[in-house]
1. Got a sec? How would 181, 33 order by Cβ neighbour count within 10 Å, fewest to most?
2. Cut-off is 10 Å between beta-carbons; in what order do 243, 55 appear when sorted fewest neighbours first?
3. Please give the Cα centre distance for region 202-261 versus region 80-98, rounded to the nearest Å.
4. I need 247, 232 ordered by Cβ neighbour count within 10 Å, fewest first.
5. To the nearest µm²/s, what D does Stokes-Einstein give for region 152-256 at 25 °C and 0.890 mPa s, using the Kirkwood radius over alpha carbon pairs as Rh?
6. Quick one: give the max-minus-min coordinate of the C-alpha atoms of region 9-52 along each principal axis, largest first, in Å.
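Just so it is clear, none of the values below were taken in a lab; they were calculated from the coordinates. Since we're looking at a predicted model, the values are computed, not measured. Because the Cβ atoms are built from the backbone with ideal geometry, glycine has one as well, and the counts that use them run over all protein chains shown.
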């Protein structure tokens, strides 16, 4: 049996089946005999609610980092000033429609009591063995979804399918050809991509290093004011970009474009 290449091992290790959340879902469904019971449905609702609530926090952190620097060109703000920037610009009220309390609102004393867990009191051990499924380590050993690679496991799938069809890992060695799919490159292109119409034109949107490229299908139609010019029309019936496994430039045709308002 041939030895796996390093890029093939990296692609397989990025699979979504190695994510902790996926392992948790598999463990839960196995205990329920793969039936969507009420407990599983409630867990899905809580999971979705947690993701939605975390989007606001991530947006505030992004806003705090990208706002102009303070006087004196300091590299870092104090936490209270960073939060004041996000609140002062109305991010929570205008974008997420939350009603902020007034600055002069008063809070009564001795009305609530904090739980002991707020003060670092150790919690009892879990009653379920979650070793290999969940971790509390600051450096988890599973694939971390950052802004640059959150879709990379999905982009790996067409490449892995192509490797299976060719019975070779050669496509994973030639993924750098997909760097041509970039919105800064002024051209549209078409080619005989796996599972796609060879006469379909695309506009490049980006490329995952070591994986597939992202593109959006377009139509070329004659311009009404010029005989030799074509108009690029974006297709609007799609919900997401197209993933293209570009591993060669053979057979790819391109036309130069010029964007005009």
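1. Taking fewest neighbouring Cβ atoms as first place, the list is 33, 181.
2. 55, 243
3. After rounding, the separation between the Cα centres reads 38 Å.
4. 232, 247
5. For these conditions, the coefficient is 171 µm²/s.
6. 38, 29, 10
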